[in-house]
Amino acid sequence: MKVAIGLSAAISLALLAGCGASSGLKPAKGESLPVAPYGAKATPTAKELITPTSQARPERSDDLLKSSENRRSDEFDLPPPN
């Protein structure tokens, strides 16, 4: 019984792994891509529609320290008052 369950699970996983899209995306038969957005000169392709914009996936903008640099003096770094 355990062998049959394991075998059916292995076959199911093999079939599931083979059902991924192996070709480019296309609209369904009889359908077309959405109309061009307001102000656009052309209708975007399927690849352009699924590519995230910089607003959807922003790049890292942290100011990382690239090399050791001495900090300038801070005239407001005073000891606490007594």
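So for the pair ARG72, THR53, with labels modelled 7 Å out along Cα→Cβ, what separation do we get in nm?
Placing both labels 7 Å beyond Cα along the Cβ direction yields 3.8 nm.
Apply the Karplus parameterisation 6.51 cos²θ - 1.76 cosθ + 1.60, with θ equal to phi minus 60°, to every residue of the stretch 44-51 and state each ³J(HN,Hα) to the nearest whole Hz, in sequence, with x for glycine and proline.
Once θ is set to phi - 60°, the couplings for the stretch 44-51 become x, 6, 4, 5, 5, 6, 9, 7 Hz.
At 0.36 nm per residue, and after removing the present C-alpha to C-alpha distance, how many nm does the segment from ILE11 to VAL35 gain when stretched out fully? Could the numbers behind the result be given before it?
Details: separation 24, 0.36 × 24 = 8.64 nm, distance 4.18 nm.
Once the chain is fully extended between ILE11 and VAL35, it gains 4.5 nm.
Bear in mind these aren't lab numbers, they're just calculated from the coordinates by the rules spelled out. Quantities reported herein were computed from a predicted structural model and do not represent experimental measurements. Note that we place each Cβ from the backbone using ideal geometry, even for glycine, and neighbour counts take in every protein chain shown.
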